[in-house]
Amino acid sequence: MKLLGSPLSPFVRKARIVAAEKNLDYDYDPRPSPLGWPEGFEKINPLKRIPALLPDSDNPDFAINDSSAICAYFDKLNPNPSLYPEAAVDYGRALWMEEVCDSELANKIGMGVFRPVFFNLASGKPADTKAAHAGFEVLASVLLPYLQAQLGEREYMAGDAFSIADIALTTQLMNLNLVGFALPKDRFGPLRAHFERSIARPSIAHFIEQDKITVEKMGFQVERQID
């Protein structure tokens, strides 16, 4: 099978981390990106979104698109370890946390913080740190406090084991870090601790290092804005 999508996409990263947790092998094509779509990609996903998964690498006529669909597919391919809680209430919580992170958190980070820095630099413009700071404060006003309250004093976002909820949250926060916005410990200590525990896992630490290499190769020098 083949997975397609830019390595800096939190949704691509989410699928790759699930595959790593499950020791699944796949071919990887990093080219599809909002910065440029390979010719014919619309045949794989007419919506031009990433990630896309070709279960049969030689057959582009059928793809599984959307990170949640791909992660659920991976979980069926190799049920162990399961990344979806068994108990009904924990399963529901995990899916809800995944949805919040994939929708609202992704939008607030992507459009409000990541884009003003990363996309400006990628197009040869100065980073708009003023807009990014304003975007972070919008994020910090409601959504981050909500997620921190949902975590509470637990180690994981849903149930008593690492799950898709933890992955969905961590992959979005990784993009905050990439553009210099680490979660402030004085405001979001428990959420920051959860993030640090998560990125210490081998399946995620690998991509942290890859992201650093990718950004350095692109010539980005991003100053730390919040820590």
| query | Can you tell me how many residues in the range 59-81 are touching a residue at least 60 places away in the same chain (Cβ under 8 Å) and either part of a loop (DSSP other than H, G, I, E, B) or over 20 Å from the mean Cα position of the chain (by Cα) (or both)? | reply | 1
| remark: Residue pairs qualifying under the 6 Å Cβ cut-off, at least six apart or on distinct chains, with the first in the range 112-134 being free of Cβ contacts under 8 Å to residues at least 12 places away in the same chain and the second being among the acidic types (D, E) and surrounded by 16 or more Cβ atoms within 10 Å (Cβ to Cβ), are N120/D128
| said: So, in the range 54-63, exactly how many residues are surrounded by 12 or more Cβ atoms within 10 Å (Cβ to Cβ) and under 16 Å from D25 (Cα atoms)? | reply: 3
| remark: Of (1) surrounded by fewer than 19 Cβ atoms within 10 Å (Cβ to Cβ); (2) within 15 Å of the chain's Cα centre (by Cα); (3) farther than 16 Å from L8 by Cα; (4) small (G, A, S), S163 satisfies every one except (1)
| Given (1) at pLDDT below 95; (2) more than 16 Å from H206 (Cα to Cα); (3) not basic (K, R), index of the condition F74 fails | (1)
| Residues that are part of a helix (DSSP H, G or I) and either in contact with a strand residue (DSSP E or B) (Cβ under 6 Å, 6 or more places away or on another chain) or under 18 Å from M1 (Cβ atoms) (or both), drawn from the range 29-55 | F41, K43, I44
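The values are calculated or read from the model by the stated rules, or taken from the named source; none is laboratory data. Owing to the predicted nature of the structure, the values given are computational and were not obtained by experimental measurement. Cβ coordinates were reconstructed from backbone atoms using ideal geometry, including for glycine residues, and neighbour counts include every protein chain displayed.
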